[in-house]
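Since every read-out is calculated from the coordinates, none of them should be taken as a lab result. Fair warning: this is a prediction, and the values are worked out from it, not measured in the lab. Here the Cβ positions follow ideal geometry from the backbone for every residue, glycine too, while neighbour counts run over all protein chains shown.
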Amino acid sequence: MAHDARRPGPALIPVFAFGFALSLFLVFSYVLCVIGHLLFPGCLINHSALAIFLPGFELLSWRTFFLGFGESFAWDWYVALVFGPLYNFLASWRR
């Protein structure tokens, strides 16, 4: 059986599209979490857990809201710029 050199491999991740999609998702989730805290302050969800992933974040002031917003955006791009190329390298390496 002949080897088909044109056999399609796994789809590669477009890193910048992945970064923007991840940014929108996590920033939207962050804003939704803060809005949830404002609307339901007695809710059983522990919103202070955000401080684990967002250093310097405290509930709730404008300064820390924008700090958390910026840190969410930075974490998104960190994941996209590390995971995307690693996945693409390993996916193309197996071809």
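Give the order of Glu58, Glu71 when sorted by the count of other beta carbons within 10 angstrom, beginning with the fewest.
Ranked by crowding around the Cβ, least crowded first: Glu58, Glu71.
Identify which of the listed values of P(r) over Cα pairs in 10 Å bins from 0, in percent was calculated from the structure shown: (i) 16, 49, 32, 3; (ii) 15, 34, 22, 15, 9, 4, 1; (iii) 17, 53, 26, 3.
(ii)
Take Ser92, Ser23, Ser72 and order them by how many other Cβ atoms sit within 10 Å, fewest up front.
Ranked by crowding around the Cβ, least crowded first: Ser92, Ser23, Ser72.
Determine the gain in length on full extension of the stretch Val31-Phe83; use 0.36 nm per residue of separation and subtract their C-alpha separation, reporting nm with one decimal.
So the extension gain works out to 16.3 nm.
Relative to the longest principal Cα axis of the chain, at what angle does helix 15-39 sit, 0 to 90 degrees, rounded to 10?
Here the helix axis deviates by roughly 20 degrees.
Can you give the angle from 0 to 90° between the axis of helix 62-93 and the longest principal axis of the chain, with both taken from C-alpha atoms, to the nearest 10?
10
Expected output is a single nm value to one decimal: the length gained when fully extending between Ile52 and Leu12, i.e. 0.36 nm times separation in residues minus the C-alpha distance. What is it?
11.2 nm
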